[in-house]
Amino acid sequence: MLDRAYAVLHVKAIDLEQRTIAGIASTPEPDRMGDIVEPLGISFKNPLPLLLYHDAKKPVGRVTFNAPTADGLAFTASLPIVDEPGTLRDRVDEAWQSIKAGLLAGVSIGFRPTVSPEFNKATGGFRITKSEILELSLVTIPANAGASISSIKSLDLAASGRDSSRDRGPLPIVRVDKDAQPMEQKTINEQITSYENTRAAKHGRMTAIMDKSAAAGATLDDTETEEYDGLVAEIKAIDAHLVRLHALESTVITKATPVVVTPNAAAASDARGGIPVIQVRSMLPKGTGFVRYVQGLAACKGNLMQAFEYAKRWDDSTPEVGLVFKAAVAAGTTTDATWAGPLAPLMPLTSEFLELLRPATILGKVPGFRQVPFNVTIASQTGGGTYQWVGQGAPKPVGKLQFGSVSLTITKCAGIVVITLELARTSTPSAEAVIRQDMINGIAAFLDVEFTDPTKAAVAGVSPGSVTNGVTPITTAGTTPANARTDIQAMANAMVAANIPIGGAVLLMSSTNALALSNALNALGQPLFPSMSLDGGTVMGGIRVITSQAMGTTVALVQPDAILYADDGGVTIDVSQEASVQMDSAPDNPGVATTVLTSLWQNNLVGLRAERFINWKKARAGCVQYTVATYTA
């Protein structure tokens, strides 16, 4: 896989006749993605191709790299002069003209890492210590916004010297102080300032010579005359050069393009003319970082310092796990207002797990739920106005909107998973997969049942009721696929009768019922529901079907926009090996004399307690309709 790195194009020379340019292709500065390519670790075999936009089908020349230094990698590139008409000449000529016109103002190296990149906590990217360059490309917009053809021209003017054919008389070449920053590293404005300072110093010296002569009451001697006349010529040369620099500065300002901040990598790629941003991403299954965090806590019995050392075994693939443990070890102080900042890396781990969990639940599959904060009162419309046709001269009806308020209190679902200490300490992919899948399946199955089971009523301060609880079920028309069409239509009619729009509504059913409908055929042997499958699909004009075995025989039509949903976006994990627990999915509350407790410590077990804060509630009655049916093909 070919990676790319962009750098400022520091042009040292540009030969208009030979079509050669020289400059810096790569620097040790972090790019916009936070990645660093170490120059001293770069290897290559000269010469290499010079391409357009990293397109191997568009070579425009050859490039030779100098020996890399700590400051960067210098290069010299040449574009050939092609005499024979054709696509090649057109492409090379276009590239050269684009360079001179400022349309191609950056360079980018195409490389491959020869050792595994190191995660860089400071930049949030990766540090590539060893790499091999395969090509150099001309690009429109480099990662560093300072690369532009205007700076290329200004650098060239500063380095190319004076064209004597444009002078009326010979002028000396004036250089700034020896200790000043080289011109090739300065902007036009910095060059103007340097020459103005040099001019002021020379003018001051001229004044000092004349003051000395006046004090002595004599003319200048030969040495003073030579020095004074030389200063006059040098100031004249500086003034002429300043005129050129000011003119160039004005041109640069008129042609300047503002830097546009791109919102994401895709937009940045479009801005560079379609050149993608190459990112190094983990090939591990989603949720692996979170599971390893849980494993580390379990294996070290909640001791964060030991867990930090334990997590070093994963530094090459999931370094963020160690960062979380290391951040958590740091002690907080009353004088440091940002002491908890290092704990931020924990959020990507829990978010990664939720990203994996949500698609497994009905809550994650159904689009359009109204997500709201906990403990906030939300106004909801419970009734609409009255509207009707009115004849000429007849009074208009008067109606009123009806509103209510709904709030979602903080509720949580929790569970304890008990595993052996040996499984917790095993870092093989199979052990990680066991833990990850168990947590996903357990939480997903629980939430789906709680969300849809008609018998699940709300318990104040403890748990929400299901969205079907309290809804009068519609009597099913039967078990055939034709009856299913009748049932779906009846649920839609009931929703419309309750003044709930059915646009965007989704149908929830078990995979068993969905399979039956997908296999149903009409009298001609054609699929009765052609857009249905075991995993869902659409029915009857586009109603989306979501499947979950937690639905059982319940088939429900839900309007997501009328259901409020609160989720804190995280999962809390606690670990213990010293606790004694009742190994029961419905533990005694409170415990009784016959309650059997199992000691985790005595049995070499580890308990993982997972908690997630989540709640939901219907904002409007009638937004959920359901029937109970078992369909057969």
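What follows is calculated from the coordinates using simple rules that are stated; it is not laboratory data. The shown structure was predicted, so the numbers you read here are calculated from the model rather than taken from an experiment. So basically every Cβ, Gly included, is an ideal-geometry build from the backbone, and we count neighbours across all protein chains shown.
Mind listing the long-range amide H neighbours of Met532? Cut-off is under 5 Å, sequence gap 5 or more, other chains count too, H placed in the peptide plane at 1.01 Å from N.
Counting only residues 5 or more places away or on other chains, the set is Thr538.
Determine which residues of region 500-514 fall in the zone a paramagnetic label at Asn483 would reach in this model, i.e. backbone nitrogen under 17 Å from the point 7 Å along Cα→Cβ.
Answer for region 500-514: 510, 512-514.
Once label points are set 7 Å from the Cα along Cα→Cβ at both Asp574 and Cys413, what is their separation, rounded to one decimal in nm?
Rounded to a tenth, the inter-label distance reads 2.0 nm.
Taking neighbour counts of Cβ atoms within 10 Å as a proxy for exposure, in what order, fewest first, do Lys57, Lys456 appear?
Lys57, Lys456
Whose amide H sits under 5 Å from the amide H of Thr598, counting only residues 5 or more places off or on another chain, with H placed in the peptide plane?
Long-range HN contacts for Thr598: Val581, Gln582, Met583.
Gain in length, Thr223 to Val243, computed as 0.36 nm per residue apart minus the alpha-carbon separation, to one decimal in nm?
4.1 nm
Which pairs, out of Lys412/Lys456; Lys45/Lys312; Lys365/Lys412; Lys212/Lys236, put more than 27 Å between their alpha-carbon atoms?
Lys45/Lys312
Can you give me the C-alpha center-to-center distance between region 592-633 and region 449-478, rounded to a whole angstrom?
Region 592-633 and region 449-478 have Cα centres separated by 14 Å.
Compare the peptides 485-493, 619-627 by average per-residue count of other Cβ atoms within 10 angstrom and give them in order, highest first.
619-627, 485-493
Taking other Cβ within 10 Å of each residue's Cβ, how do Ser194, Ser599 sort, fewest first?
Result, fewest neighbours first: Ser599, Ser194.
Please list, in order along region 537-547, the HN-Hα scalar couplings obtained from phi with the Karplus expression 6.51 cos²θ - 1.76 cosθ + 1.60 (θ = phi - 60°), rounded to whole Hz, x for Gly and Pro.
x, 9, 9, 6, x, x, 5, 6, 10, 10, 10
Using each residue's phi in region 469-482, evaluate 6.51 cos²θ - 1.76 cosθ + 1.60 at θ = phi - 60° and report the 3J(HN,Hα) Karplus result to the nearest Hz, with x for Gly and Pro.
Going residue by residue, I get 5, x, 8, 6, x, 8, 5, 5, 7, x, 10, 7, x, 5 Hz, with x marking Gly and Pro.
Rank these for me by crowding, Trp601, Trp96, Trp389, going from fewest to most other beta carbons within 10 Å.
Ranking Trp601, Trp96, Trp389 by Cβ neighbours within 10 Å, fewest first, gives Trp389, Trp601, Trp96.
What is the sum of charges, Lys and Arg at +1 and Asp and Glu at -1, for the other residues whose Cβ falls under 13 Å from the Cβ of Ser510?
Value of the local net charge: -3.
Around Asn469, with a cut-off of 9 angstrom between Cβ atoms, what is the net charge of the other residues, counting Lys and Arg +1 and Asp and Glu -1?
Overall, the nearby charge balance is 0.
So for the pair Ala621, Ala445, with labels modelled 7 Å out along Cα→Cβ, what separation do we get in nm?
3.6
Quick check: net charge around Glu234, other residues with Cβ under 9 Å of its Cβ, Lys/Arg +1 and Asp/Glu -1?
+3
Rounded to whole Hz and in sequence order, give me ³J(HN,Hα) for region 85-98 from the Karplus expression 6.51 cos²θ - 1.76 cosθ + 1.60, θ = phi - 60°, writing x for Gly and Pro.
Coupling constants for region 85-98: x, x, 4, 4, 4, 4, 5, 5, 5, 5, 4, 5, 5, 5 Hz.
Can you give me the C-alpha center-to-center distance between region 520-545 and region 203-220, rounded to a whole angstrom?
103
Round to the nearest 0.05 the FRET efficiency obtained for Ala498 and Thr553 when R0 = 25 Å and r is the Cβ-Cβ distance.
The formula returns an efficiency of 0.60 here.
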